[in-house]
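First up is the structure itself, then whatever we jot down about it.
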Amino acid sequence: MLMDIKVLLVAGPPASGKDTITEALTALDSKYVLFKKHRTGVDSAKYNTLSAGDFEQMKNDGAFVQAHYRYGRGYGVCKETLRDLVDANKLPIIHTGKIDNLLLLKSTINYPCGTVLLWEERDVLIERIKQRGPVNEVHTRVDGLDDELQEWQDRYDDYMNLDLVIRNNSIENTCEKIVDLGKTKGRSEEFYNYVKSLELPYL
């Protein structure tokens with residue numbers, strides 16, 4: 001990696017491939033590691049699961065760098081967990097959704113951060129959402145997707161200031177660009193043209 005970073009912030013709407021790319025990067029180099037956020041709700045290997053009460057307590061105690069609610073669940077980035085990973089010479093990958101979450105993390109994390117947006121066309125993302133399920137969350141996730149597409153238009157300049165904006169239609173190419181983060185930066189004409197072509201809102 002050309003940029004001297006300690007944390008990688010990966011944004012992208014539902015089904016944009018954040019999990020897939022993270023798995024590929026961790027397989028490529030052991031320094032990469034998925035950052036396990038604290039989350040309320042059902043148990044998952046990708047999260048440190050806790051009760052809503054414990055989540056609120058940690059939030060009130062200032063244990064999180066950043067915390068928010070989405071899909072009826074609380075998500076938090078724990079300061080201690082992040083520090084332990086960086087001290088162990090790991091490069092944690094933190095998944096973010098909306099641009100405000102990413103920018104807040106970048107401004108509050110006391111380490112150099114690399115920033116990436118994974119994107120794909122709406123129809124492709126909706127098909128991935130349907131395939132991934134669960135069925136009872138498809139409608140909610142499509143609504144979340146459309147919220148982020150609106151953000152792409154409303155906050156275009158913020159997205160284009162990220163270190164890498166890449167259409168995630170090739171795992172190999174996306175990983176190569178992330179590994180070489182900082183080598184190239186500038187406007188993504190493909191992303192620009194797609195965002196400008198969107199006719200929002202979708203009903």
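A few remarks follow.
- Of the residues making up the stretch 182-202, just one is modelled with pLDDT under 85, closer than 13 Å to residue 152 by Cβ and among the small types (Gly, Ala, Ser), namely 188.
- Filter pass, residue 88 being within 25 Å of residue 42 (Cβ to Cβ) and at pLDDT 90 or above: no
- Only a single item in (1) more than 25 Å from residue 150 (Cα to Cα); (2) surrounded by fewer than 18 Cβ atoms within 10 Å (Cβ to Cβ); (3) over 18 Å from the mean Cα position of the chain (by Cα) is not met by residue 112, and it is number (3).
- Matching residues, the stretch 151-181, being of a type in the set (A, V, I, L, M), part of a loop (DSSP other than H, G, I, E, B) and over 25 Å from residue 70 (Cα atoms): 181
- Criterion violated by residue 117 - all others in (1) surrounded by fewer than 17 Cβ atoms within 10 Å (Cβ to Cβ); (2) under 17 Å from the mean Cα position of the chain (by Cα); (3) not charged (D, E, K, R) satisfied: (1)
- Selected residue [in contact with a Gly (Cβ under 8 Å, 6 or more places away or on another chain) and under 24 Å from residue 70 (Cβ atoms)] from 121, 127, 148: 148
- Candidates 54, 4 - the one that is surrounded by 13 or more Cβ atoms within 10 Å (Cβ to Cβ) and either modelled with pLDDT of 90 or more or more than 19 Å from the chain's Cα centre (by Cα) (or both): 54
- Qualifying positions in the stretch 15-43 - more than 14 Å from residue 91 (Cβ to Cβ) and either crowded, with 19+ Cβ neighbours inside 10 Å or among the polar types (S, T, N, Q) (or both): 15, 16, 17, 18, 20, 37, 38, 39, 40
- Apart from one condition, residue 173 fits all of (1) under 18 Å from residue 24 (Cα atoms); (2) surrounded by fewer than 18 Cβ atoms within 10 Å (Cβ to Cβ); (3) in contact (Cβ under 8 Å) with a residue 40 or more places away in the chain; the exception is (3).
- Scanning the stretch 116-140 for residues that are of a type in the set (D, E, K, R) and within 19 Å of residue 164 (Cβ to Cβ) yields 120, 121.
The values are calculated or read from the model by the stated rules, or taken from the named source; none is laboratory data. Being a predicted model, the structure only gives us computed values, none of them experimental. Quick reminder, even Gly has a Cβ in these numbers, built from the backbone with ideal geometry, and neighbours come from all protein chains shown.
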